[in-house]
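See structure below.
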Amino acid sequence: AETCTESLSAYSRYLSKKGASADDIEAMLLLPDVLLCVQTHPILKGFKSWADEQLAGPSKGLVCLADFWRQIGLEPPERINNKETELLTKLAAKVGFGVAPDPRYHHAKPAADGNIVLFSEGHGPYFEPSQVFNNTSMMLRLGAMVATVDNHVDSAELNTLYKLIDHDTHLSPIEKRSLHAYLHWRLNTPANMTGLKERVGNLKKKEKEVVRHILVTVALADGRVSPDEIKQLEKLYTALGFDKMQVAADVHKLTSSKGGLASVTPTSKAI
């Protein structure tokens, strides 16, 4: 009895608030799973059906955040704070999905007027990202900046980024699903540099060389480097604390490598 009372304490406290209702989505998410059936609850059943359609459709799980809120009968908030992100992730998890970006793991949060990506199965209740996961997510963020500079992502550039995930045997299946969703979100979201310089600054010298290598690898993936990509690389190098004059040398080093691009893409174990 004490265990059951404790499990229902958060739900009970919520219902004691003025204006609160047992039909509120916030109330439902506080119920233990054993008392909440997705198949019979109208809101959750409708949301799961909608999420399944988005994942199977051409958007591959990429959805407008405003549509997400409307699916559960809420007005889109002006800002995405901790309360909103917790509701997002909890609701998705209740119906068997994960969300990217998930601030707990991806070091990013969506904009109120932006997008999110839903992915099947989600992170699960005991997910702990590895160091390889964290390093790979940073590489994908940087690679997406280079790939989207001309507002067009070439298939070769996309494949190069996919390889960072799929060819790394140190990533678990859950981590790979999460990173694929995160990359999909990054490729469809305006880039920013928030927090990147500090993260790169904490890397060792050899690890920083890997960062530069991947940036140039993505830029060269389609077989050429446009002037816009060179400028973007120089901006990134400068913003990350590298010497922008190193761009030309790094490009030359990679283009003249004996094995070609396919054989020199490093795994994230190197970082």
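The values are calculated or read from the model by the stated rules, or taken from the named source; none is laboratory data. Computed from a predicted structure; not experimentally measured. All Cβ positions, glycine included, derive from the backbone under ideal geometry; neighbour counts span all protein chains shown. Side chains are part of the model used for accessible areas, which takes the heavy atoms of the whole protein and leaves out ligands, DNA and RNA. Shrake-Rupley method; radii C 1.70, N 1.55, O 1.52, S 1.80 Å.
Rolling a 1.4 Å probe across all protein chains gives Leu87 an accessible area of roughly 20 Å².
Here the Karplus relation 6.51 cos²θ - 1.76 cosθ + 1.60, evaluated at θ = phi - 60°, turns the backbone of region 108-119 into coupling constants of 7, 9, x, 7, 4, 9, x, 10, 9, 10, 8, 9 Hz, with x for every Gly and Pro. Residues whose amide H falls under 5 Å from that of Gly122, counting only those 5 or more places apart or on a different chain, are Gly98, with hydrogens built in the peptide plane. As a fraction of the 1.4 Å probe accessible area of the chain, surface on carbon and sulfur atoms comes out at 52 percent.
The relative contact order of region 85-200 comes to 30 percent, based on Cα pairs under 8 Å that sit 6 or more residues apart. Taking 31 Å as the limit for the C-alpha separation, the pairs Lys45/Lys197; Lys83/Lys205; Lys197/Lys253 exceed it in the case of Lys45/Lys197; Lys83/Lys205. Placing a label point 7 Å from the Cα of Tyr126 along the Cα-to-Cβ direction, the residues of region 168-195 whose backbone N falls under 17 Å of that point are 172-175.
A 1.4 Å probe run over the protein chains yields, for the chain, 53 Å² of accessible area per residue, whole-number rounding. For Tyr162 and Thr3, the difference between the fully extended length at 0.36 nm per residue and the C-alpha to C-alpha distance is 52.7 nm.
Legend: residues Val251, Val117, sorted from most to least accessible area (1.4 Å probe; ligands, DNA and RNA excluded), read Val251, Val117. Couplings for region 63-76, taken from phi via the Karplus curve 6.51 cos²θ - 1.76 cosθ + 1.60 with θ = phi - 60°, read 10, 5, 4, 4, 5, 4, 5, 5, 5, 10, x, 10, 6, x Hz in order; Gly and Pro are left as x. The GluC sites (Glu not before Pro) of region 89-198 that DSSP puts in a loop, and whose beta carbon has at most 16 other beta carbons within 10 Å, are Glu121. Remark: accessible surface ordering of Tyr11, Tyr126, Tyr237, Tyr162 (largest first) is Tyr126, Tyr162, Tyr11, Tyr237, probe radius 1.4 Å.
Residues Cys4, Cys64, ordered by accessible area of protein heavy atoms at a 1.4 angstrom probe radius and largest first, appear as Cys4, Cys64. For Phe133, the accessible surface of its heavy atoms amounts to roughly 0 Å² (probe 1.4 Å, protein chains only, rounded to the nearest 10).
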